[in-house]
Amino acid sequence: MGRPPKRRLPVTAKVAAAGTARPAGPAGASKKAAAQASLKHTQALISHFHTLNKQLDQARRDGRDADVRRIEAELDAMGGLQAYQRASLKGGDLRKGWGATGKWVLPFLRAEHAERKVAAADSARFRLRLLDVGAITGETYERHAGFLDVTSIDLNSQSPKVTKQDFFERPLPASGADRFEIVCLSLVVNYVGDPAARGEMIRHSRRFLVPRGLLYIVLPLPCIANSRYLTHEHFVALVASLHLELVEYHHASKLAFYLFRRVDAAAGSDGDGDGIGNGNGGGTAGKESSRKARPTFRKQILREGGGHNNFAIVLE
Ligand SMILES: C[S@@+](CC[C@H](N)C(=O)[O-])C[C@H]1O[C@@H](n2cnc3c(N)ncnc32)[C@H](O)[C@@H]1O
């Protein structure tokens, strides 16, 4: 009997554990083999979790209640979100230590701090307010508390430092005090199973930014580099349609890092894309006519041929 075909891991899972891993150093071979086996196991767990999560979203959208119950039961049996997060944390440890995904953006944050500090009322004490969505344990930016004032949230907090909250349910800012200079979505957009909800998550992020605030997005590289439905250009255009302009990006071996800046539409143009006004104050609904003028980004084939993954982001 031949060997069973090798199971392909979904794109969103493969690198969640592998991250920016480099070849191991001159450690003993058995140690290296154990680490590789552990990483493989971690990848497989994350992979299976992502698959079930996607199936669950689809079953909910289709109203297939029996399937929803079955998939939920399977997720529970696997240990639920907690087990997934443990695997994600372990994946982080197995690459370069926790915080690897926050490293690329730090020089930009330092520069932003220096620039904004000049205009701050109390410049000596000024810190950038950063919202870390999907922070799990809230450790990524904790060593930089000197210039970052971090608010961490997660669907399933694993630390008292992290507020248990669904980002989609976070109350909209009532004033400038509730906004942030930076919002981070690091390996979170790809966690969301539904392409339209992924787009909505990016749109929602902008609502929490101060004028000219920064949005940091990290995705597994194959989401951008090998998707049937997403390319770098398409992704940047999609985010830009929400009045978030690209500041910088970097494609590492496994991860894609993107930094965008909130820009505000000129008066009389097609609105700001957040539907809650563009100032520091609370939300006033955007004009219906301006909403209609905004481009939509549907699921369309951008890379022909086989061997591509199905990761997509949709903006409606
Ligand atoms: C792969 S982990 C990302 C961990 C970390 N940010 C990093 O860069 O490695 C994804 C996390 O996002 C959280 N998450 C997903 N959707 C969320 C939402 N709507 N609101 C808050 N947290 C969410 C999950 O609970 C999970 O802990």
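Non-local lysine pairs in the range 84-221, meaning eight or more places apart or on different chains, with alpha-carbon distances under 22 Å, amount to 5. Other residues whose C-beta falls under 11 angstrom from the C-beta of Gly199 contribute a net charge of +1, scoring Lys and Arg +1 and Asp and Glu -1. Classify the range 91-219: rounded, prolate or oblate, from the alpha-carbon gyration tensor (a ≥ b ≥ c, eigenvalue square roots; a/c under 1.5 rounded; otherwise prolate if a/b is larger than b/c)? Taking the square roots of the gyration eigenvalues as a ≥ b ≥ c, the range 91-219 is oblate. Remark: accessible surface ordering of Tyr249, Tyr229 (largest first) is Tyr249, Tyr229, probe radius 1.4 Å. Protein-only accessible surface at a 1.4 angstrom probe places the residues Lys103, Lys299, Lys254 in the order Lys103, Lys299, Lys254, largest first. Per residue, the range 73-219 exposes 42 Å² of accessible surface when a 1.4 Å probe is rolled over the protein heavy atoms with every protein chain present.
The values are calculated or read from the model by the stated rules, or taken from the named source; none is laboratory data. What you are looking at is a predicted structure, and each value in this text was computed from that prediction instead of being measured. Note that each Cβ is placed from the backbone with ideal geometry, even for glycine, and that neighbours are counted across all protein chains shown. Just the protein is used for accessible areas: all its heavy atoms, side chains included, with ligands, DNA and RNA removed. Shrake-Rupley method; radii C 1.70, N 1.55, O 1.52, S 1.80 Å.
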